[in-house]
């Protein structure tokens, strides 16, 4: 996948060694054009998986921000498993397991074949085993823990009783076979059989260290959702949930509640982002999101945060401050040039109490560019974690995460301070934050230029 075509001005940028200081004057920003020609890229810290027409490669970004290193090339090409829009992270993607030295790539059904899990060696790229699944893989990330893959599948019935969802549990270390799964409990079966939308009917949210599973179940145009715990650690192939509770939407005249993101906050607790909406209310105030922290032992809500307008796209956990950072996109009902949501909210809540500790609003019209990604870095050595915001015009805001909690984002008036490491007008298709760097796809603003994959390091 060696790169043969790049923006001339990006090449010049690298050769000239352009240095720009970020807003905290931490270190200069440096740009490197990576030898990648495909934009079908998926990221799982610290690995990138690149899908080309005839090959699949796994690369790793070293901790010091130097160019990624090729780890392995898979012996067999597997079709790109994700959605066409590379900016959507909540989609099927590979699993890279450093402990067991495995790469697990989902392959959707095609040409009359069922879906598969292809298991490769991370060291040699050799195909180790193929796990045959059933039905249709749902476009959400695979869940994984210590050699076991959770894959959400639905049968492909187009007639009553319609699609039924199952979470298949597959052991890709010992034998590669199904060792069981979970289904909707019998009391919810009728709802599932007649439901018009199955995307959130059974959604894996959390796995405990001893492999008990918490899943959620919601239905389009229903005002309640279930949170279900399955004791899969007890060795029953398809257990009924042993405990559950309901979450109910709280918007006046609301008619929809569904999960959008889940994140562990401890071995027995997790944060669950829930979207609530109403089709009858205006776009600007007809939806909101909530963050709940759930104790998987007691199956109770330990804390709930104040509702936030819009839809939560990502959660991050800042363990040093016991803070949950929610990234929220909100269409305020106003119009802005490219049709993207008008505002991004970065909200920090206390994981213990649910109290709001900080909320910063980035208005895209004021900023002049929409937010592509917002993430918390892992932190390197003595370096503290940083909050990184990547904008569609290629500019970056990098601030100390703890400083964000106390002071918010540095601003010039209403505009957030940012630095742009590229000359001219560019368009960022996607961006991944990796410790002290960002890997992004850069295209000319005219839309006709060739995309370049670059690494911006500070």
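Every number here is computed from the coordinates shown, using simple stated rules; none is lab data. All values derive from a computational prediction rather than experimental measurement. Cβ placement follows ideal geometry from the backbone for every residue including glycine, while neighbour counts extend to all protein chains displayed.
Cα gyration tensor of region 218-311, axes a ≥ b ≥ c as square roots of the eigenvalues: rounded (a/c below 1.5), prolate (a/b > b/c) or oblate? Present the calculation step by step, with values, prior to reporting the outcome.
On the way: a/c = 2.91, a/b = 1.82, b/c = 1.60.
Since a/c reaches 1.5 and a/b is larger than b/c, the shape of region 218-311 is classed as prolate.
Say R0 is 35 Å: what FRET efficiency, to the nearest 0.05, do residue 73 and residue 363 get from their beta-carbon distance?
On the way: r = 44 Å, r/R0 = 1.26.
For residue 73 and residue 363, the calculated efficiency is 0.20.
At 0.36 nm per residue, and after removing the present C-alpha to C-alpha distance, how many nm does the segment from residue 400 to residue 174 gain when stretched out fully? Before the final figure, lay out the partial values.
Details: separation 226, 0.36 × 226 = 81.36 nm, distance 4.28 nm.
Full extension of this stretch gives 77.1 nm more.
What's the Cα-based Rg to Rh of region 37-192, Rh via Kirkwood?
Working: Rg = 16.4 Å, Rh = 16.5 Å.
Using Cα coordinates only, the ratio equals 1.00.
So for the pair residue 123, residue 352, with labels modelled 7 Å out along Cα→Cβ, what separation do we get in nm?
Distance between label points: 4.5 nm.
What is the spin-label model distance, in nm, from residue 155 to residue 236 if the labels are put 7 Å beyond Cα along the C-beta direction?
It is 2.2 nm.
Going by how many other Cβ atoms sit within 10 Å of their own, how do 359, 165 line up, fewest first? Mind showing how you got there, number by number?
Details: 359 15, 165 24.
By the 10 Å Cβ count, ascending: 359, 165.
Neighbouring Cβ atoms within 10 Å as the yardstick, rank 298, 39 fewest first. Mind dumping the intermediate values first?
Numbers: 298 13, 39 16.
So the residues, fewest neighbours to most, are 298, 39.
What FRET efficiency do you get for residue 414 and residue 140 if R0 is 41 Å and r is their Cβ-Cβ distance, rounded to the nearest 0.05? Could you put the intermediate results ahead of the total?
Numbers: r = 36 Å, r/R0 = 0.88.
Efficiency at R0 = 41 Å is approximately 0.70.
Residue 186 versus residue 113, label points 7 Å from Cα toward the beta carbon: distance in nm?
With each label placed 7 Å out from Cα toward Cβ, I get 3.9 nm.
Give me 103, 71, 131 sorted ascending by neighbouring Cβ count inside 10 Å, so fewest comes first. Before the final figure, lay out the partial values.
Details: 103 26, 71 18, 131 21.
In increasing order of surrounding Cβ atoms, one gets 71, 131, 103.
By the gyration tensor of its Cα atoms, with a ≥ b ≥ c the square roots of the eigenvalues, what is the shape of region 302-458: rounded for a/c under 1.5, prolate for a/b over b/c, or oblate?
Values: a/c = 2.03, a/b = 1.34, b/c = 1.52.
The shape class here is oblate.
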